[in-house]
Amino acid sequence: MSYRGRGSLATKRYPSEETGADGSDYPNPVSYGDGSVTVGDFSTETLTFDNASRLGRIALGCGHSNQGLFVAAAGLLGLGRGRLSFPSQTTRHLRRRFSYCLVDRLSSRRRSSPPSSSIVFGDAAVPATGDFTPMLANPKAETFYYVEMTGISVGGSAVEGVRGSDLRLDPATGEGGVIVDSGTSVTRLPETTYAAVRDAFRSGAGGLRLAREGYSLFDTCYDLAGKREVKVPTVVLHFKGGANVSLPAENYLIPVASDGLFCFAFAATNGGLSIIGNIQQQGFRVVFDGAESRVGFVPNGC
């Protein structure tokens with residue numbers, strides 16, 4: 001999908017405050033979940049897509065002072081459930097339906113002509129087949145896409161220490177729950193849940209040489225220097241409604257250093273919120289069907 005903005009219809013400084021908290025003409029910045037911040041103009045634009053269709057009065061921000069993890073990106077497309085996100089603004093035309101497929105982040109190193117990640121909007125974004133689970137709403141955090149994870153299997157067996165009650169959203173308090181997030185790299189689980197999954201993986205990968213130390217946020221790493229192929233236990237995520245997402249090995253055992261160090265790409269969180277990160281989503285077409293309130297996973301979807 002590509003678009004061109006044509007003809008600014010209106011422009012104002014964002015956010016809604018015309019001056020900063022200190023009374024200056026410089027407004028308070030808009031902040032992102034990872035701590036990145038931006039200050040700039042807020043406009044409505046007409047977007048023109050490749051098929052010549054046009055959408056008018058789409059609110060866009062133009063940042064003049066950006067700090068944080070933008071990493072030279074040309075822009076940031078808001079896909080959440082908030083009222084200013086792109087799916088929310090285009091509900092009448094696209095019905096809050098979109099899907100994306102993220103290719104392996106290392107594919108450009110492995111192939112001379114690597115595939116590209118893609119995103120599709122509208123009814124065409126929802127495939128006829130796939131594993132779907134209900135999309136849940138959290139009235140305390142409306143922007144996120146919540147799902148109910150019921151369990152995790154490692155090596156073909158359900159991990160006993162993974163309890164659905166530890167992963168369930170409490171809509172009264174807004175605490176807990178599991179979200180699907182393209183902006184978070186590594187899947188995060190409550191400490192007790194993560195420990196159970198990690199220990200099951202370690203047990204199933206007993207034939208591999210466990211590194212003496214972890215790496216960054218990872219505490220389970222292996223020295224695979226000189227090995228061309230290894231066998232690791234399977235990992236499957238289970239969701240309400242019978243959706244079972246079987247992860248490819250490269251989605252949970254990832255290289256972190258050039259010397260052959262690979263780590264189990266899950267981590268613990270001491271907060272109540274669990275996150276399915278983009279490393280685990282690689283290669284799947286992840287479907288957000290707002291019209292039917294469901295989230296889907298289609299393997300080999302790129």
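Data table
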read-out: Within a Gaussian network of the chain (alpha carbon springs, distance under 10 Å), most fluctuating of 184, 192, 38; value: 38
read-out: Under the Karplus curve 6.51 cos²θ - 1.76 cosθ + 1.60, θ = phi - 60°, whole-Hz ³J(HN,Hα) for segment 211-216, x wherever Gly or Pro sits; value: 5, 5, 10, x, 9, 6
read-out: Under 5 Å, built H, 5+ apart or other chain: amide partners of residue 104; value: 283
read-out: Those residues of segment 246-263 whose amide nitrogen sits under 16 Å from the label point placed on residue 229, 7 Å along Cα→Cβ; value: 249-250
read-out: For segment 32-49 and segment 86-137, distance of Cα centres in Å; value: 21 Å
read-out: Orientation-averaged projected area, Cα convex hull of segment 34-170 (nm²); value: 12.8 nm²
read-out: The chain - Rg over Rh from alpha carbon coordinates, Kirkwood radius; value: 0.99
read-out: Coordinate range along principal axes, alpha carbons of segment 118-273, Å, largest first; value: 48, 36, 28
read-out: Helical mean residue ellipticity (222 nm; -39500 (n - 2.57) per DSSP H run of 4+; nearest 500) of the chain; value: -2500 deg cm²/dmol
read-out: For the chain, share of DSSP beta bridges that run antiparallel, in % to the nearest 5; value: 90 percent
read-out: Å³ per residue enclosed by the Cα convex hull of segment 116-187; value: 157 Å³
read-out: Where the chain is the region considered: accessible area per residue in Å², 1.4 Å probe; value: 54 Å²
read-out: For segment 264-276, Karplus couplings with θ = phi - 60° (6.51, -1.76, 1.60), whole Hz, Gly/Pro x; value: 6, 8, 10, 8, 8, 10, 8, x, x, 8, 9, 9, 8
read-out: Label-reachable residues, segment 132-163, where backbone N falls under 19 Å from a point 7 Å from residue 83's Cα toward its Cβ; value: 137-145
read-out: Whole-angstrom Cα spans of segment 25-94 along principal axes, big to small; value: 35, 24, 23
read-out: Carbon plus sulfur fraction of accessible area for the chain, probe 1.4 Å, in percent; value: 48 percent
read-out: Simple label model, 7 Å out from Cα along Cβ direction - residue 244 to residue 259, nm; value: 4.0 nm
read-out: Cysteines (scope the chain) whose Cβ has no counterpart Cys Cβ under 4.7 Å; value: 62
read-out: Cα-based Kirkwood hydrodynamic radius, segment 225-290, one decimal, Å; value: 14.1 Å
read-out: Trypsin sites (Lys or Arg not before Pro) restricted to DSSP loop in segment 149-252 with at most 16 other C-beta within 10 Å; value: 163, 209, 212, 227, 228, 231, 240
read-out: Protection proxy ranking of 251-260, 148-157 - average other beta-carbon atoms within 10 Å, highest first; value: 148-157, 251-260
read-out: Segment 289-297 - phi-based ³J(HN,Hα) in whole Hz, Karplus 6.51/-1.76/1.60, Gly and Pro as x; value: 9, x, 5, 10, 6, 8, 10, x, 9
read-out: Counted charge near residue 170, where neighbours are those whose Cβ lies closer than 14 Å (Asp, Glu -1; Lys, Arg +1); value: -1
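The values are calculated or read from the model by the stated rules, or taken from the named source; none is laboratory data. Bear in mind the structure is a predicted one, so any value in this text is a computation, not a measurement. In this analysis, Cβ positions are derived from the backbone assuming ideal geometry, glycine residues included, and neighbour counts consider all displayed protein chains. Surface areas here come from the heavy atoms of the whole protein model, side chains and all, with no ligands, DNA or RNA. Shrake-Rupley method; radii C 1.70, N 1.55, O 1.52, S 1.80 Å.
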